Amino acid sequence: ARDAAAVRLRAEVERARALGTSSIEDSLSDGPADEVLVEKGAALEVSLIVLGAVGHAAGEARRTGGTAERVAASAKAPVLVVRAAPPIEAWLRGERSLKIVVGDDLTPGSLAALRWAADLRRLGPCEIVVCHVFSLIGEKARLGIGGPLFARVPELEQANLAALRRHA
């Protein structure tokens, strides 16, 4: 099985080189995919981990969630999960825009996500949508705004929109 995996890996490395990858390093490791990817990413101090959306964990003792979820939850680097290659490939060729939604909760983590989204524009055209969801009830209570519980408050929406624009 290891020999077969080494052959497949070598073929993928050669395919990547043929596509123009300027620098590539291959590594064949044993162990749970999520743990190996996180460990290798940390050891190499990578700036991005890219993986496919489908992974299979062996045994019932494995944690819940897919490989991609576990990597995203524990990696120090950002994780890009590719569900289908053709749209990403078309984006990288400049044939289509990459549509990105960034959930912004006005925290430093959101700011990092916004920077990453902006950095992706160097690779190809991007359409970035920034979303901020707030609790109307919670915000009304926090600010002491009375009235019907679910009634919209335009000033509150404007204040949240202004804060989001400053942050983004």
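The values are calculated or read from the model by the stated rules, or taken from the named source; none is laboratory data. All figures in this text were calculated on a predicted structure; none of them were measured in a lab. Cβ coordinates were reconstructed from backbone atoms using ideal geometry, including for glycine residues, and neighbour counts include every protein chain displayed. For the accessible areas, the whole protein counts, side chains as well, though only heavy atoms, and no ligand, DNA or RNA atoms are used. Shrake-Rupley method; radii C 1.70, N 1.55, O 1.52, S 1.80 Å.
Worth a mention:
- Pick from region 133-151, criterion in a helix (DSSP H, G or I) and of a type outside the set (Gly, Ala, Ser), ranking: least open to solvent (accessible area, probe 1.4 Å): Lys140
- Cβ-Cβ distances below 7 Å connect no pair with a first residue in region 31-43 that is on the phi > 0 side of the Ramachandran plot, a second residue that is of a type outside the set (S, T, N, Q), and a separation of six or more residues or different chains.
- For region 156-164, the criterion of being of a type in the set (A, V, I, L, M, F, W, C), in contact with a helix residue (DSSP H, G or I) (Cβ under 9 Å, 6 or more places away or on another chain), more than 19 Å from Ile49 (Cα to Cα) and surrounded by 13 or more Cβ atoms within 10 Å (Cβ to Cβ) is met by at least one residue.
- Residues of region 81-132 that are part of a strand (DSSP E or B), more than 19 Å from Leu19 (Cα to Cα) and modelled with pLDDT under 90: Val81 alone.
- Arg83 being open to solvent by 50 Å² or more (accessible area, probe 1.4 Å), closer than 23 Å to Leu37 by Cβ and in contact (Cβ under 8 Å) with a residue 12 or more places away in the chain: yes
- Every listed requirement among (1) part of a helix (DSSP H, G or I); (2) farther than 20 Å from Pro78 by Cβ; (3) touching a residue at least 12 places away in the same chain (Cβ under 8 Å) is met by Ala16 save one, (3).
- Scanning region 1-26 for residues that are over 23 Å from the mean Cα position of the chain (by Cα) and not charged (D, E, K, R) turns up Ala1, Ala4, Ala5, Ala6, Val7, Leu9, Ala11, Val13, Ala18, Leu19, Gly20, Ser22.
- Check on Ala73, in contact with a Lys or Arg (Cβ under 8 Å, 6 or more places away or on another chain) and either surrounded by 12 or more Cβ atoms within 10 Å (Cβ to Cβ) or at pLDDT 90 or above (or both): no
- For the residues Arg8, Arg2, the requirement of being in contact with an Asp or Glu (Cβ under 9 Å, 6 or more places away or on another chain) and loosely packed, with under 12 Cβ neighbours inside 10 Å singles out Arg2.
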